[in-house]
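*Asks:* Before we start, here is the structure in question, set down as structure tokens.
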Amino acid sequence: MQITPSILNADFANLAGEIARIPSADWVHVDVMDNHFVPNLTFGPTMVEALSKATDVPLDAHLMIADADRHAPAYAEAGAGSVTFHVEAAAAPVRLAREIRKQGARASMALKPATPIEPYEDLLAELDMVLIMTVEPGFGGQKFLDLCLPKIRRARALMHKHGLETWLQVDGGVSLETIERCAEAGADVFVAGSAVYSADDPDAMVSALRASAASASTLP
């Protein structure tokens, strides 16, 4: 069970310091938004490069951007250890996943809440991780959408069907109140923003979330 705190809810004026508050995190989730694919604007590859030099915790770049085929490889070049593109914004997802891996990063594909997993069954072997969004992408602090739980189960079932060890990540409204449902459904990587950075002790919350997920997981 891996916990990936999102810095979308951190203090933007002191991101290096905010990351230092979560030393036990498995990854740091960097939400990249371009004000086109989603109605918000955040980080770019220059910020990812700066953060990669400021911390030893690997960066998980979630690209909520248009024209992912063109722009996603730059985030691997900038130092992200994992790069997630949205399949809704990728014209050639297999080629893109291979290019990201070629740059030395893990390749991940994200799906918005209304996007089904089944059409992409044959792509799963090309991916290191699949991200199931449990809110509509674009803003932090949204309420978890329980309607996404069946899709998490179906995604995990497809991975089992093909004997894949692909990670299954969830992002959106993840907290102590919702993480057990996600873990029971088959997720093993969890993005939490508000839950971590609104806590008095963010690193203690990381540990608490991991323990809750582990207690509910049905994975071997």
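The values are calculated or read from the model by the stated rules, or taken from the named source; none is laboratory data. All values reported here derive from a predicted model rather than from experimental measurement. Methodologically, a virtual Cβ is constructed for each residue, glycine included, from the backbone with ideal geometry; neighbour enumeration extends over all protein chains shown.
*Asks:* Filter region 118-152 for residues that are at negative phi and among the small types (Gly, Ala, Ser); which is surrounded by the most Cβ atoms within 10 Å (Cβ to Cβ)?
*Replies:* GLY140
*Asks:* Oh, and also: Is it the case that region 104-119 has a residue that's in contact with a strand residue (DSSP E or B) (Cβ under 7 Å, 6 or more places away or on another chain), assigned to a helix (DSSP H, G or I), over 22 Å from LEU41 (Cβ atoms) and of a type in the set (Lys, Arg)?
*Replies:* no
Condition check ((1) within 19 Å of PRO137 (Cα to Cα); (2) in contact (Cβ under 8 Å) with a residue 40 or more places away in the chain; (3) crowded, with 21+ Cβ neighbours inside 10 Å) across all residues:
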site	(1), (2), (3)
LEU15	no, no, no
ILE22	no, yes, yes
ASP34	yes, no, no
SER52	no, no, no
ASP67	yes, no, no
THR84	yes, yes, yes
ALA97	no, no, yes
PRO116	yes, no, no
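*Asks:* Hey, could you check region 184-206 for residues that are touching a strand residue (DSSP E or B) at 6+ places or on another chain (Cβ under 8 Å) and small (Gly, Ala, Ser) and say which is farthest from LEU63 (Cα to Cα)?
*Replies:* Across region 184-206, the extreme among qualifying residues is GLY186.
*Asks:* Restricting attention to region 127-161, report how many residues are more than 23 Å from VAL94 (Cα to Cα) and among the aliphatic types (A, V, I, L, M).
*Replies:* So the answer is 4.
*Asks:* Does VAL170 count as touching a Ser or Thr at 6+ places or on another chain (Cβ under 9 Å), surrounded by 20 or more Cβ atoms within 10 Å (Cβ to Cβ) and assigned to a loop (DSSP other than H, G, I, E, B)?
*Replies:* It is false that VAL170 is touching a Ser or Thr at 6+ places or on another chain (Cβ under 9 Å), surrounded by 20 or more Cβ atoms within 10 Å (Cβ to Cβ) and assigned to a loop (DSSP other than H, G, I, E, B).
*Asks:* From (1) in contact with a strand residue (DSSP E or B) (Cβ under 7 Å, 6 or more places away or on another chain); (2) free of Cβ contacts under 8 Å to residues at least 40 places away in the same chain; (3) not in a helix (DSSP H, G or I), pick out the condition that doesn't hold for PRO137.
*Replies:* In the conditions (1) in contact with a strand residue (DSSP E or B) (Cβ under 7 Å, 6 or more places away or on another chain); (2) free of Cβ contacts under 8 Å to residues at least 40 places away in the same chain; (3) not in a helix (DSSP H, G or I), PRO137 misses (2) alone.
*Asks:* For residues in region 179-197 being in a loop (DSSP other than H, G, I, E, B) and touching a residue at least 40 places away in the same chain (Cβ under 8 Å), which is surrounded by the fewest Cβ atoms within 10 Å (Cβ to Cβ)?
*Replies:* Among them, the one singled out is ASP188.
*Asks:* If you go through region 86-103 one residue at a time, how many are of a type in the set (Asp, Glu) and within 16 Å of ALA74 (Cα to Cα)?
*Replies:* Summing the residues that are of a type in the set (Asp, Glu) and within 16 Å of ALA74 (Cα to Cα) in region 86-103 gives 1.
*Asks:* I'd like the residue in region 113-154 that is of a type in the set (D, E, K, R) and modelled with pLDDT under 95 and, out of all such residues, is nearest to THR166 (Cα to Cα). Reasoning before the result, please.
*Replies:* Step one: of region 113-154, the residues of a type in the set (D, E, K, R) are 118, 121-122, 126, 128, 136, 143, 146, 151, 153-154.
Pick out the ones that are also modelled with pLDDT under 95 and you get 136, 143.
Values: GLU136: 23, LYS143: 26 Å.
Checking each candidate, the answer is GLU136.
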